[in-house]
Protein chains: 4
Amino acid sequence: MGGPGRPRSKAARSAVLRAALEIVQESGYPVLTMEGIARRAAVSKQTVYRWWPSKAAVLLEALNEGATEIAPLPDTGDLADDLRAFLRRSTLGARGRTARLLVALMAEAQLYPAFGRSFQTGFLAQRRAVMVELLQRARTRGEIRSDVDLELVTELFFGALWYRLLAGSGTLDRRFADQITDLLLRLVAEA
Amino acid sequence: MGGPGRPRSKAARSAVLRAALEIVQESGYPVLTMEGIARRAAVSKQTVYRWWPSKAAVLLEALNEGATEIAPLPDTGDLADDLRAFLRRSTLGARGRTARLLVALMAEAQLYPAFGRSFQTGFLAQRRAVMVELLQRARTRGEIRSDVDLELVTELFFGALWYRLLAGSGTLDRRFADQITDLLLRLVAEA
Amino acid sequence: MGGPGRPRSKAARSAVLRAALEIVQESGYPVLTMEGIARRAAVSKQTVYRWWPSKAAVLLEALNEGATEIAPLPDTGDLADDLRAFLRRSTLGARGRTARLLVALMAEAQLYPAFGRSFQTGFLAQRRAVMVELLQRARTRGEIRSDVDLELVTELFFGALWYRLLAGSGTLDRRFADQITDLLLRLVAEA
Amino acid sequence: MGGPGRPRSKAARSAVLRAALEIVQESGYPVLTMEGIARRAAVSKQTVYRWWPSKAAVLLEALNEGATEIAPLPDTGDLADDLRAFLRRSTLGARGRTARLLVALMAEAQLYPAFGRSFQTGFLAQRRAVMVELLQRARTRGEIRSDVDLELVTELFFGALWYRLLAGSGTLDRRFADQITDLLLRLVAEA
DNA sequence: TAATAACCGAGACGGTACGTCGCGTCTTAGG
DNA sequence: CCTAAGACGCGACGTACCGTCTCGGTTATTA
């Protein structure tokens, strides 16, 4: 347990995460730099580079740190209720400050493949997995017709959600969540 | 017509656009810089800055230059046929080199609001408008139930398309296009 | 005269030279850094690197700037007078602040061959050349025996001078200069 | 003998000295760093810092370790023979690898006063002392005129030697040694 | 036989400079 | 008024070393 050598400083780690979040909130993602993070956290640059490969990685860890459950899995036994709840939480949780964060991470994921992979599998895929499980349970209960691709249905929702985030084609409010809920329910409903 | 002074050099303009495209294709978007564009185009930096505010703007103009129509509007008089054709073209047109370009522009649009606005209204919104018009014509023909929000349906498709581009959740092939087509048709179809 | 492009800033150049000198005088050579020079001169690092390859190069140019003639060539027509004058000036000119500068440059010349070459040919060799010329003139007048290697005699003096600078084996004062003068005169004098 | 606690590791000490010598020989003095020494010696940095204050100190100790006597004192009873032998050995011993080492140490001595003092008194002064003693013995035998400053004569030789090392003004070969020998003999010889 | 004390390696820490790159602006000569 | 050329201040990049520190472990002397 813990070989030789000075152990990693928890204080430095949390100072870095906090600094990154603060800079992004205050000044926006393009202003965020490894240099700036180190400066604000009163930490050496080397320490930041030792533990994170990029500013996006810092931010992703900070995001996963605080926001453990943006959208936990509801389970009332009724598809319509569960789905509506999940979509509402997911939608409303992707607004404001969080929206700016998500959008920046998605952008960075496109520009830097190494981070892209970790973002896609470590964040996006996990969010989809939650919804797929929700649908899967409903299917077990016989609420969903057998010819529907649950993965695809899940992509329809997250696609619409992210599209609004990225394309600015509309607001992310309860009405949006409920509209999508109704459409998806119609698609998956047993005849 | 054309005030005093030396007129704008067409050679410089096209050299810049070509250089930008080449750099992106060869080395990826993050390597693209205003400095590099000017160097490759054998043009002074000042000239680039005079006519384009950012590297993304150069790239967007280059994209609009070559790619006339990714997905022109089909009109056979039958919703199913038109929709299927449009989705197939849109999907297949967003692969390979074009995919890399689109993805980079979307990323840049998130990071730099000024470019983001021009990208959202000048590119994304226009693509949606084409599809909405397609659906609108079908509604006029009575093929679409009246309680469906055509804008939202359009977002479902482009959302899924962009989500696959950005999240890498699946391939963009004819099967994908047809699956979405079937789902959307079920959603909008008259009882 | 002066092709295209913005001309080099004289203000920046002299600010850099001045800053380098000041830092060395105040804090010593090891404290001198390219970064520090740029900071103090209120000039970008790039500008420093554009014109000088190293901090030693900056310092050498600064030295050659101010101290045009540390030891100009005396010419009275008498070897003893000329030599004594030259050695005195050379010796007394290598004290105090100048000593610290010379010593640092010599050290740097050993550590970085590229600078070493420019220092040896651009500074040291020129000082020797002056003294050799002095002796040469005396030889023309018949004051120096023919079997003496004037280059070697010159090295004897500069060797002793530099040795005292570097090894701290004694002071650099008029007495030292005169002692060496006497010895050298004895060596070169006609029988 | 030797208080409590683990005794100093001889293995670590010699590994450090060897590593320092190897690095300097292979890559030159500027590449030598405390960090690199520790790495190569497979020793912790702390251990290096515990026993040596600087890389120059390591090197000086390594130099004194291996090189017992560069120029031991000859004593044939004849000034000319002794002087010629001493100058030859001193000159030829300051070439090749040793030259690089000497030059680096001299440079470092200029840059870091603490090391400078130990180098001047612990190395340079001792070399001069040997030669002064040689001359002193000759004076006792009546071979040297009484008005000559033996310290100064010694500086003439070492000055010329070091000057050639540092200024690259000529080669260090037997011819050089013999030329200087002749000149010095002429200077000190009884009328 | 324990306690104590100085050593050892590993390695993280806050700093600071390195030399390079791109930013967006500017100043020149010339078409 | 445009163009190419290119210098400018600025600031981030990612790396290297600095000298210090904090670990777990190792060897000796002393109690």
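Tabulated data
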item: Selection from region C:102-119 of residues that are within 8 Å of another protein chain (Cβ to nearest Cβ) and either under 19 Å from C:GLN25 (Cα atoms) or touching a residue at least 24 places away in the same chain (Cβ under 8 Å) (or both); result: C:VAL103, C:ALA104, C:MET106, C:ALA107, C:GLU108, C:ALA109, C:TYR112
item: Residue ID - farthest from the other protein chains (Cβ to nearest Cβ), chosen from residues in region C:154-191 that are among the acidic types (Asp, Glu) and touching a residue at least 60 places away in the same chain (Cβ under 8 Å); result: C:ASP173
item: Condition met for D:ALA38 (touching a helix residue (DSSP H, G or I) at 6+ places or on another chain (Cβ under 6 Å), within 12 Å of DNA strand F (Cβ to nearest atom) and in a helix (DSSP H, G or I)); result: yes
item: Some residue of region B:124-133 being closer than 18 Å to A:LEU183 by Cβ and either of a type in the set (Lys, Arg) or surrounded by fewer than 21 Cβ atoms within 10 Å (Cβ to Cβ) (or both); result: yes
item: Unique residue being of a type in the set (Ser, Thr, Tyr) and either surrounded by 16 or more Cβ atoms within 10 Å (Cβ to Cβ) or under 30 Å from D:THR33 (Cβ atoms) (or both) when the list is D:SER118, D:SER146; result: D:SER118
item: Qualifying residue in region A:56-76 (condition: surrounded by 13 or more Cβ atoms within 10 Å (Cβ to Cβ), free of Cβ contacts under 8 Å to residues at least 12 places away in the same chain, of a type in the set (A, V, I, L, M) and away from DNA strand F (no atom under 16 Å from the Cβ)); result: no
item: Checklist (1) within 9 Å of DNA strand F (Cβ to nearest atom); (2) under 22 Å from the mean Cα position of the chain (by Cα) applied to B:LEU17, failing item; result: (1)
item: The one condition in (1) over 26 Å from C:GLY116 (Cβ atoms); (2) more than 16 Å from DNA strand E (Cβ to nearest atom); (3) outside any helix (DSSP H, G or I) that C:ARG6 fails to fulfil; result: (2)
item: Lone unmet requirement of (1) modelled with pLDDT of 95 or more; (2) more than 10 Å from chain A (Cβ to nearest Cβ); (3) part of a helix (DSSP H, G or I) for B:GLY122; result: (1)
item: Region A:125-153, subset at the interface with chain B (Cβ under 9 Å from one of its Cβ atoms) and under 17 Å from the mean Cα position of the chain (by Cα), residue farthest from A:VAL31 (Cα to Cα); result: A:ARG128
item: Hits in region A:40-55 (condition: of a type in the set (D, E, K, R) and farther than 16 Å from A:ALA11 by Cβ); result: A:LYS45, A:LYS55
item: Residues of region D:20-53 that turn out to be over 19 Å from D:PHE119 (Cβ atoms), within 14 Å of chain C (Cβ to nearest Cβ) and of a type in the set (Gly, Ala, Ser), as a count; result: 1
item: Test: residue in region B:129-142 that is in a helix (DSSP H, G or I), within 13 Å of A:LEU166 (Cβ to Cβ) and not aliphatic (A, V, I, L, M); result: no
item: Which listed residue is within 14 Å of chain B (Cβ to nearest Cβ), assigned to a helix (DSSP H, G or I) and small (Gly, Ala, Ser), from A:ALA80, A:ALA94, A:ALA85, A:ALA99; result: A:ALA99
item: The lone exception for B:LEU73 - which of (1) more than 16 Å from DNA strand E (Cβ to nearest atom); (2) of a type in the set (A, V, I, L, M, F, W, C); (3) in a helix (DSSP H, G or I) it fails; result: (3)
item: Some residue of region D:106-113 being outside any helix (DSSP H, G or I) and either out of contact with any His (no Cβ under 7 Å at 6 or more places or on another chain) or at pLDDT 95 or above (or both); result: yes
item: Odd one out for B:VAL43, checked against (1) within 10 Å of DNA strand E (Cβ to nearest atom); (2) in a loop (DSSP other than H, G, I, E, B); result: (1)
item: Qualifying positions in region C:18-33 - at pLDDT below 95, among the small types (Gly, Ala, Ser) and assigned to a helix (DSSP H, G or I); result: C:SER27
item: Lone unmet requirement of (1) farther than 20 Å from C:ARG127 by Cβ; (2) more than 16 Å from DNA strand F (Cβ to nearest atom); (3) touching a residue at least 24 places away in the same chain (Cβ under 8 Å) for C:ARG8; result: (2)
item: Scan of region D:41-55 for residues that are surrounded by fewer than 12 Cβ atoms within 10 Å (Cβ to Cβ) and either within 22 Å of D:LEU111 (Cβ to Cβ) or more than 11 Å from DNA strand F (Cβ to nearest atom) (or both), ordered by number; result: D:ALA42
item: Boolean, C:GLN25 is polar (S, T, N, Q) and either within 13 Å of DNA strand E (Cβ to nearest atom) or in contact with a Leu (Cβ under 8 Å, 6 or more places away or on another chain) (or both); result: no
item: Scan of region B:34-75 for residues that are over 13 Å from the mean Cα position of the chain (by Cα) and modelled with pLDDT under 90, ordered by number; result: B:LEU73, B:PRO74, B:ASP75
item: Filter pass, C:SER14 being surrounded by fewer than 16 Cβ atoms within 10 Å (Cβ to Cβ), within 16 Å of DNA strand E (Cβ to nearest atom), of a type in the set (S, T, N, Q) and modelled with pLDDT of 95 or more; result: no
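The values are calculated or read from the model by the stated rules, or taken from the named source; none is laboratory data. Note that the coordinates shown come from a computational prediction; the quantities given were computed from them, not determined experimentally. Note that each Cβ is placed from the backbone with ideal geometry, even for glycine, and that neighbours are counted across all protein chains shown.
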